[in-house]
Amino acid sequence: MKRICRYLPILSLLLICVPFANAQSSVDFMLGFGTAHDSANSGGLDNALSPNAFGSCAPGSGDPYCLSNPSLSGFFLGISGDVMLWKHLGIGAEINVQPSRSNYGSPCSLATDEACLQFRQEFYDFNAVYQPVNSKRVSLVVEGGVGGAHTGFAVNESGTCAGTAVCSPAQAEPFGTSNHFQIHAGVGVSLFVTEHIFIRPQFDIHYIPSFTDQFGSNLVPAGTIWIGYNFGDRQ
């Protein structure tokens, strides 16, 4: 959740736009959950027991320490906001973050003292928003824009004990980050359950040049269920 909160100033810029919008403007504020997927690339990493710990390697080469790189999947949390400056056109921003780290290479084990490499994926983007259908109960939302993809890596080291006197807990130390530009497109349908509260299933595509440095494709599909509240005049 801390990762999402650090992007709140980005979304607050949308709210600043509201006083300058015309009388028929409206604002959507949303929280969401979903997933994103990418295949694994063909590379690998040596585990922490190797003399070449966390160095690149070729899976299947006979290196006993070499493990294949992972695919991207898992649970994402999101926060998003739209400002409709006119009935059909507006601007928006959204952030999607993995709340917990995933293993990159060797899995973490509480049974050994072996350190492991983990990662957390984030996507953020700024969009133009088009609503070709905007009725009392349903609106169709099409958006497109640019942003970034941030992959943060950390080395997770198991806890150690001094006899039975004291033990230190496992901890993750930042190891490095990888940042990429992205082009984003999405389409969703807002279903209003009350006058202001809605649910928006949304499908997204992230095109991220050089994302194959970490995963198997530069094209990352994602899906999110947004739960939102609308302020203002939609009609």
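Throughout, read-outs are computed from the coordinates displayed, never taken from laboratory work. As the structure is a computational prediction, the values presented were derived from the model and not from experiment. Counting neighbours? That spans all protein chains shown, and the Cβs are built from the backbone with ideal geometry, glycine included.
Under the Kirkwood approximation applied to all pairs of distinct alpha-carbon atoms, what is the hydrodynamic radius of region 117-160 in Å? If you can, show how the numbers build up before the last one.
Numbers: mean 1/r = 0.0714 Å⁻¹.
Roughly 14.0 Å, rounded to one decimal.
Please report, to one decimal in angstroms, the Kirkwood hydrodynamic radius of region 29-84 built from all distinct Cα-Cα pairs.
13.9 Å
Please report the net charge: other residues with Cβ closer than 11 Å to the Cβ of H184, K and R +1, D and E -1.
Details: positive: none; negative: E94, D125, E143, D204.
Around H184, the surrounding residues sum to -4.
When you count, for each residue, the other Cβ atoms within 10 Å and take the mean per peptide, how do 47-58, 81-92 rank with the highest first? Intermediate results must be reported in sequence, preceding the final value.
Working: 47-58: 15.1, 81-92: 19.2.
Result, highest mean first: 81-92, 47-58.
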